[in-house]
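First the structure, in the form of structure tokens, and then the observations on it.
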Amino acid sequence: MSQTAKEPAGKAAPAEPVLMRKDANGVATLTLNRPKQRNSLSEELMIALTREIEAIGQDASIRAVVLAGAGPGFCAGHDLKELTAARQHDDRGRAFFQNTMKLCSTLMQAIVNCPKPVIARVHGIAT
């Protein structure tokens, strides 16, 4: 349900998804959707990307994957705000960093192991 002017004032609009998928003519386009953060790789985004790429690998109707970025840049790398915030944990972020690197590795392996070609449509920053 989309938010309209008639809805109660306290009702917030749903958050935008961090990843959008659009399928057309056998091509799945996955758009990183964190433009204000220059599409930096948060935990949530890495998990969503991994799941979609793995699902696409099993989808016989999809022949190729295009990775794109919303806004002014493709991807600014890891989410530095998440990494910095983790420094406040008792272990100074060690467990969070290890998990982040594991998520990243799993994502990269999902891309490498995807039986469909994966193409990046890069614009702006790409780190």
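Quick notes
- Straight-line cross-link partners of residue 81 among the aspartates and glutamates, defined as a Cα under 14 Å from its Cα and at least 8 positions apart when in the same chain: 43, 44.
- The charge dipole of the chain, taken about its Cα centre with unit charges on the Cβ atoms of Lys, Arg (+1), Asp and Glu (-1) only, comes to about 260 debye.
- Modelled this way, with points 7 Å down the Cα-to-C-beta line, the labels at residue 120 and residue 95 are 3.2 nm from one another.
- A Gaussian network model of the chain, with springs between Cα atoms under 10 Å, assigns the largest mean-square fluctuation among 68, 110, 60 to 60.
- Residue 78 long-range amide H proximity, modeled H, under 5 Å: 41
- At R0 = 30 Å, FRET efficiency that the Cβ-Cβ distance of residue 60 and residue 80 yields, to 0.05: 0.15
- Region 85-127 shape via C-alpha gyration tensor axes, a/c threshold 1.5: oblate
- For region 5-127, the Kirkwood estimate of the hydrodynamic radius, built from every pair of different alpha carbons, is 15.7 Å.
- Farthest towards the positive end of the charge dipole of the chain, among the residues 100, 61, 39, is the Cα of 39, using unit charges on the Cβ of Lys, Arg, Asp and Glu.
- For residue 119, the residues whose amide H sits under 5 Å from its own are 65, 66, 67, ignoring neighbours fewer than 5 places away on the same chain, with H placed 1.01 Å from N.
- Among beta bridges identified by DSSP and lying wholly in region 19-120, the antiparallel ones come to about 40 percent.
- Gaussian network model of the chain, springs between alpha carbon atoms under 10 Å - residue of 52, 16, 43 with greatest fluctuation: 16
- Gaussian network model of the chain, springs between alpha carbon atoms under 10 Å - residue of 63, 34, 87 with greatest fluctuation: 87
Each value in this text was obtained by applying a stated rule to the coordinates, not by laboratory testing. Just so you know, these numbers come straight off a predicted model, no measurement behind them. Using ideal geometry, Cβ is built from the backbone for each residue, glycine included, and neighbour counts are taken over all protein chains shown.
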